[in-house]
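J.: My questions will all concern the structure given below.
All of the numbers you see were taken from the coordinates with simple rules; none came from a lab. As the structure is a computational prediction, the values presented were derived from the model and not from experiment. Note that each Cβ is placed from the backbone with ideal geometry, even for glycine, and that neighbours are counted across all protein chains shown.
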Amino acid sequence: MSLASFVFSRTAGMVFPRYRTLDQWSKVYCQIVDGLPVTEKTKQNRKCSLSHVLSGLGEHRIISAIRPHDVSALIVRIHKEHPPLSKRVLIETKAVFNSALEYGWIDRNPAMQVKAQQVTVQRNRLTLEQWQAIHAHAEADMPPWVARMLVLALVTGQRRSDVVKMRFADVWDDHLHVVQAKTGAKLALPLALRLDAIGVSLGEAIEACRTYAVGEEYLLRKHNGKRLGDASLSARFEEAREASVPMCETGSPVSLHEIRSLSERLHRAKGLNTMILLGHKSQDMTDLYNDDRGLSSGSWKTLELCAAPLLQ
């Protein structure tokens, strides 16, 4: 930012918001985000995207001087290195300037007509056979919590952030109660929930977590009883995967999150309402294994077991 532009933004900008900088607007925008009825994790993610907007467009740029080609060039640059990130940053950029438009800082949104770059998803799905190989390796050669984590994730279909914080105190009225960290959705999963593909019920999976280590709070815990970190689950999964599953010829290696997709497919084949199991808003989201938006916090949604499989 030149000295002349700096002086201009500090003089004319005191009277006319359109002559203030993107950085000045970002401070107002962060207050707007903080006031949104979303989870803290969502707020952190949005502020992370905002940081890319500031560094990519120039935090000291006069906000009204930013043009569509500036935004487009930013998205193209990010897409070359991190395609999925470019889409998130574009969404946030549009929101940043929409809010500035509403507050009278600009007359038009320079990001509105910018289109997202095409993203090709190449993530491989996890098969039951791969899960079984990974589980067998974990059971034989890894800390005891790893195999139990794999079973809990597959039987419940929950995300890493929810599996890691499951407690024995969350079990009452013959259900395991889960408040999803990402969405706030409240689920009551019956202990009788059974995954025939591995011959384990939720109740049995929980019982297997009682005596393998000291401590009586968390289902998954270190040998000293302390809670595990989220990253530990992914790291151990990747370690077991590398030791037991052949390298993929195409696409990216399966991630821990893919157990959620496998769980949905196995349970759906038995006629279970997997939309409730996964905590999704709609069946379309379950069909796509995609739940990026938060759910409203309401009453517990109790999962009912199906007596018979769905007709094909």
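J.: Expressed as a rounded percentage, what relative contact order does the range 77-194 have, with Cα pairs under 8 Å and six or more residues apart?
T.: After rounding, I find 12 percent.
J.: On to the next question. Where does helix 230-244 land angle-wise versus the long Cα axis of the chain, in degrees 0 to 90, nearest 10?
T.: The two axes meet at around 60 degrees.
J.: Could you give the angle, 0 to 90 degrees to the nearest 10, between helix 144-156's Cα long axis and the longest principal axis of the Cα atoms of the chain?
T.: For 144-156 against the chain, the angle is about 80 degrees.
J.: Find which of Val96, Ala197, His257 sits farthest along the positive direction of the dipole of the chain, computed with +1 on the beta-carbon of Lys and Arg, -1 on that of Asp and Glu, about the Cα centre.
T.: My answer, from the dipole projection, is Val96.
J.: Between the range 85-150 and the range 13-73, how many Å separate their Cα centres?
T.: Spelled out, the Cα-based centre of one part sits 21 Å from the other.
J.: Compute the FRET efficiency between Glu129 and His69 as 1/(1 + (r/R0)^6), taking r as their Cβ-Cβ distance and R0 = 51 Å, and round to the nearest 0.05.
T.: Approximately 0.55, to the nearest 0.05.
J.: Right, something else. Quick check on the chain: helices-only [θ] at 222 nm, where DSSP H runs of length 4 and up contribute -39,500 (n - 2.57) each and the sum goes over total residues. Nearest 500, please.
T.: -15000 deg cm²/dmol
J.: Once you sort the root eigenvalues of the Cα gyration tensor of the range 3-102 as a ≥ b ≥ c, which label holds: rounded (a/c under 1.5), prolate (a/b larger than b/c) or oblate (the other case)?
T.: oblate
J.: What distance in nm separates the two pseudo spin-label positions at Arg227 and Leu101, each 7 Å out from Cα along the beta-carbon direction?
T.: Here the modelled spin labels are 4.1 nm apart.
J.: A follow-up question, please. Hey, which lysines would be in cross-link range of Lys270, C-alpha to C-alpha under 30 Å, not counting anything within fewer than 8 residues on its own chain?
T.: Partners found: Lys165, Lys182, Lys186, Lys281, Lys301.
J.: Also, quick follow-up: Could you give each residue of the range 279-286 its phi-based ³J(HN,Hα) in whole Hz, using Karplus coefficients 6.51, -1.76, 1.60 with θ = phi - 60°, and x for Gly or Pro?
T.: x, 8, 6, 9, 5, 4, 5, 5
J.: Which angle from 0 to 90°, rounded to the nearest 10, does the C-alpha axis of helix 3-15 make with the longest principal axis of the chain?
T.: That works out to roughly 90 degrees.
J.: With a bin width of 5 angstrom, please list the P(r) values of the range 128-302 as percents of all Cα-Cα pairs, from the 0 bin to the one holding the largest distance.
T.: Percent of pairs per bin, in order: 1, 8, 17, 22, 21, 17, 9, 3, 1, 0.
J.: Rounded to two decimals, what is Rg over Rh for the chain when you use alpha-carbon atoms and the Kirkwood radius?
T.: Rounded to two decimals, Rg/Rh equals 1.07.
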